[in-house]
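Heads up, the thing below is written out as structure tokens.
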Amino acid sequence: MTTVRRRRLAASLALACLGAAGIATAPAAAAAPTTFIGPFNTVQTLASTVPMNGDVNPYGVAVAPVTKGLLTAGDVLVSNFNNHRNLQGTGSTIVEVSPGGNVSLFASLAPNKLPGACPGGLGLTTALVALSSGFVIVGSLPTKNGSSASMQAGCLIVLDSSGTPVETISGAPINGPWDMTAQDAGSTATLFVTNVLNGTVAASPNVVNGGTVVRIGLSVPAAGPPAVTSETVIGTGLPERTDPSALVVGPTGLGLSSDGTLYVADSLGNRIAAIPGALGVPGPITTVTSGGAVNDPLGLAIAPGGDILTTNGGDGNLVETTPAGKQVAVKMLDTSPAPPGPNGNGTLFGLAVAPDGSGVYFVDDGTNTLNLLH
């Protein structure tokens, strides 16, 4: 599978107390701290994410919050980044998977039938959110032939609850939308989007510190599509680069805490970063944790208690970190052998907490499946 492939650690990391520097230490005599993922020990494959057109490489994951149109509350939406020829940045489908594993096609998009501009076409990324209004928003970072040199700025595509595109959001500052999260207030919503193409192609293959986080305000009327009310860059200077097997590497997963802090999976920085005050006047980007069990973080979600969950591109692990930066739990999600060569394993992108807190949904793009840790 053509996707992010990075070196797997030789051994899985045990669930243990981790020191402030991120180095494993012997378990303390006292009881281990309570963690969200600690009780979960089963990885269950729910379904294949490959639709009839053969799209592969599942990236984005979002849980439907409402039953409307084709959406059923509690179902999981999954976006595909590659087409049937396994070319990155050419996927055009979103599938819907029930908790019981039933699969249906939510959307099949065509670049020449979009209701607005989307420079470069279609390549549906990890940027995927489902709103309580029934609208679904997905990012596109397209290529012509699956190569980094052909990457273009793309857009965000707004779909109604029947999977029909109703508008696009494009132009500066949207430039290679890679992942997304949202605060949903019904009649309004706030999107947070990472962008990975700010100078990346021109600097290839070198690292450029041009990655951004963009905040987009939306007004969601009772009838008609959402309207953009504001666009603000709230984070800059995140490292990004092209990659021969991963297409592009840069800031990926996002999660918004209840106190308004936005957490970012800074892949090349090998850290979880934070932007305080993300809903208002944002503060500077800080580091929550780096190294230790964090090994090239990609997907990111917020646990019910406020801890930060990240999937690793450098191994098959899910890591739980407190807002104070203490890494408190590690679970192996992907147990497939690492492929030979320098890039190892990196099949874990989108993830989402199950609505009742009973587990964590995640995609494995090495097997093209949606899975549940519970």
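The values are calculated or read from the model by the stated rules, or taken from the named source; none is laboratory data. Note that this is a predicted model, so its numbers are computed, not measured. Please note: Cβ atoms are built from the backbone with ideal geometry, for glycine as well, and neighbour counts cover all protein chains shown. All accessible areas refer to the heavy atoms of the entire protein, side chains included, with ligands and DNA or RNA removed. Shrake-Rupley method; radii C 1.70, N 1.55, O 1.52, S 1.80 Å.
Things worth noting here:
- In region 202-212 there is no residue that is more than 16 Å from GLN152 (Cα to Cα), assigned to a loop (DSSP other than H, G, I, E, B), open to solvent by less than 50 Å² (accessible area, probe 1.4 Å) and not polar (S, T, N, Q).
- Positions within region 189-201 being over 19 Å from the mean Cα position of the chain (by Cα) and either in a loop (DSSP other than H, G, I, E, B) or surrounded by fewer than 16 Cβ atoms within 10 Å (Cβ to Cβ) (or both), in sequence order: GLY199
- Exactly one residue among ILE216, ILE174 is under 20 Å from TYR59 (Cβ atoms), outside any strand (DSSP E or B), in contact (Cβ under 8 Å) with a residue 40 or more places away in the chain and hydrophobic (A, V, I, L, M, F, W, C), and that residue is ILE174.
- Residue check: THR229 meets all listed conditions (1) β-branched (Val, Ile, Thr); (2) surrounded by 19 or more Cβ atoms within 10 Å (Cβ to Cβ); (3) assigned to a strand (DSSP E or B) but one, namely (2).
- Restricting attention to region 213-226, the residues that are open to solvent by 20 Å² or more (accessible area, probe 1.4 Å), farther than 17 Å from VAL281 by Cβ and touching a strand residue (DSSP E or B) at 6+ places or on another chain (Cβ under 9 Å) add up to 4.
- Which numbered condition GLY171 misses (of (1) of a type in the set (Gly, Ala, Ser); (2) surrounded by 20 or more Cβ atoms within 10 Å (Cβ to Cβ); (3) out of contact with any Asp or Glu (no Cβ under 7 Å at 6 or more places or on another chain); (4) within 21 Å of GLY235 (Cβ to Cβ)): (2)
- The number of residues in region 63-102 that are farther than 26 Å from VAL248 by Cα and hydroxyl-bearing (Ser, Thr, Tyr) comes to 3.
- Any hit, region 309-321, residues being more than 19 Å from ASP365 (Cα to Cα) and among the acidic types (Asp, Glu): yes
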